[in-house]
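The values are calculated or read from the model by the stated rules, or taken from the named source; none is laboratory data. Because the structure is a prediction, the values reported are computed rather than measured. Don't worry about glycine lacking a Cβ; one is built from the backbone with ideal geometry, like all the others, and counts go over all protein chains shown.
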Amino acid sequence: MQQETWQQIGEGVWLKWFPLKVMGADFNRTVTAFTIRKGEVLVHSTGPFSEEDYSFLQSIGERIHFVDATCFHDSFTKRVLQAMTGADFYAPKGFPLKNDRLKPIEDLKPVLGDSIKMIPINGMPKVNEVAFHDGLNGILVIADLLFNFGPDASGWTRGFMRVLAGIKEYPGISRMYRALIRDKQVFQESIDQLRALEFECLIVGHGQPIFGNGREILDKTLAKYGF
């Protein structure tokens with residue numbers, strides 16, 4: 001799955017898919033850009049950006065804040081750090097890439113103000129994923145909590161996810177993600193916070209976004225796995 005252009009999905013919100021190959025399977029990387037206040041942009045997830053992508057992001061905001069919102073999203077961080085020397089970068093505790101420019105993800109709170117809320121998915125210290133909720137547009141952005149590969153995904157990709165991740169239907173939660181939950185009660189409390197949010201659009205880090213009934217679909221998927 002790959003797009004040539006950025007798709008506007010809300011007021012001041014754009015989305016684009018990028019290729020991400022893992023052992024021949026195309027996981028894709030979904031990147032979401034939010035205008036958060038005058039002249040500033042939040043970019044959820046780094047990606048294999050082209051010069052045109054950088055130009056687009058700079059056209060919607062002079063100051064750019066990149067966030068990789070899980071310890072597993074370090075595939076493109078280094079290259080974007082090198083390309084965007086004037087941007088700000090944030091990552092959760094335990095992020096594998098070490099760089100003096102990487103700030104704790106908690107430092108984003110004063111930058112976001114009331115425009116976007118961060119919800120940490122606790123109980124998973126090796127993952128430390130943080131979800132982002134845009135209440136104005138009714139959008140929830142997650143990283144690895146759910147995968148949502150559609151019928152356009154290759155047979156190899158779907159087979160790879162079925163055998164190694166244990167996902168037979170979508171959206172789904174991977175076997176590895178579930179195995180990394182260390183404190184189920186704390187994790188459940190985080191999940192309940194997500195359930196309490198109002199949103200129609202659910203953006204996943206890998207796979208197709210869900211543009212309608214996102215909250216209901218998230219609730220049913222989580223319940224299917226016992227959460």
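Given the residues 126, 220, which is the only one that is basic (Lys, Arg), in contact (Cβ under 8 Å) with a residue 24 or more places away in the chain and either surrounded by fewer than 19 Cβ atoms within 10 Å (Cβ to Cβ) or closer than 24 Å to residue 43 by Cα (or both)? Checking each option against the conditions leaves just 126.
Could you go through segment 84-106 and let me know if any residue there is of a type outside the set (D, E, K, R), under 19 Å from the mean Cα position of the chain (by Cα), assigned to a loop (DSSP other than H, G, I, E, B) and loosely packed, with under 13 Cβ neighbours inside 10 Å. Yes, segment 84-106 contains a residue that is of a type outside the set (D, E, K, R), under 19 Å from the mean Cα position of the chain (by Cα), assigned to a loop (DSSP other than H, G, I, E, B) and loosely packed, with under 13 Cβ neighbours inside 10 Å. For residue 202, all conditions in the list (1) within 20 Å of residue 16 (Cα to Cα); (2) assigned to a loop (DSSP other than H, G, I, E, B); (3) at pLDDT 95 or above hold save one; what is the number of the exception? Failing condition for residue 202: (2). Inside segment 21-45, can you point out the residues that are buried (at least 16 other Cβ atoms within 10 Å of the Cβ) and touching an Asp or Glu at 6+ places or on another chain (Cβ under 7 Å)? Hits for segment 21-45 are 34, 45. Scanning segment 1-40 for residues that are among the basic types (Lys, Arg), in a strand (DSSP E or B) and farther than 15 Å from residue 209 by Cβ turns up 21, 37. Just so you know, in segment 185-203 the residues that are in contact (Cβ under 8 Å) with a residue 40 or more places away in the chain and among the acidic types (Asp, Glu) include one that is surrounded by the fewest Cβ atoms within 10 Å (Cβ to Cβ), and it is 198. Pairing each residue of segment 70-83 that is over 15 Å from residue 130 (Cβ atoms) with any residue that is assigned to a loop (DSSP other than H, G, I, E, B) and basic (Lys, Arg), provided the two are 6+ apart or on different chains, yields C-beta distances under 9 Å for 81/101.
In this entry, residue 197 is excluded by the filter for residues that are in a helix (DSSP H, G or I) and over 18 Å from residue 70 (Cα atoms). Number of residues in segment 1-15 that are surrounded by fewer than 20 Cβ atoms within 10 Å (Cβ to Cβ) and over 14 Å from residue 132 (Cβ atoms) equals 8. So in segment 204-214, with the set limited to residues that are touching a strand residue (DSSP E or B) at 6+ places or on another chain (Cβ under 8 Å) and surrounded by fewer than 20 Cβ atoms within 10 Å (Cβ to Cβ), which one is nearest to residue 69 (Cα to Cα)? This residue is 209.
All conditions but one from (1) under 18 Å from residue 203 (Cβ atoms); (2) touching a helix residue (DSSP H, G or I) at 6+ places or on another chain (Cβ under 7 Å); (3) surrounded by 17 or more Cβ atoms within 10 Å (Cβ to Cβ) apply to residue 64; the one that does not is (1).
Assessment of segment 146-169 against the conditions (at pLDDT 95 or above, surrounded by 13 or more Cβ atoms within 10 Å (Cβ to Cβ) and in contact with a helix residue (DSSP H, G or I) (Cβ under 9 Å, 6 or more places away or on another chain)) yields at least one matching residue.
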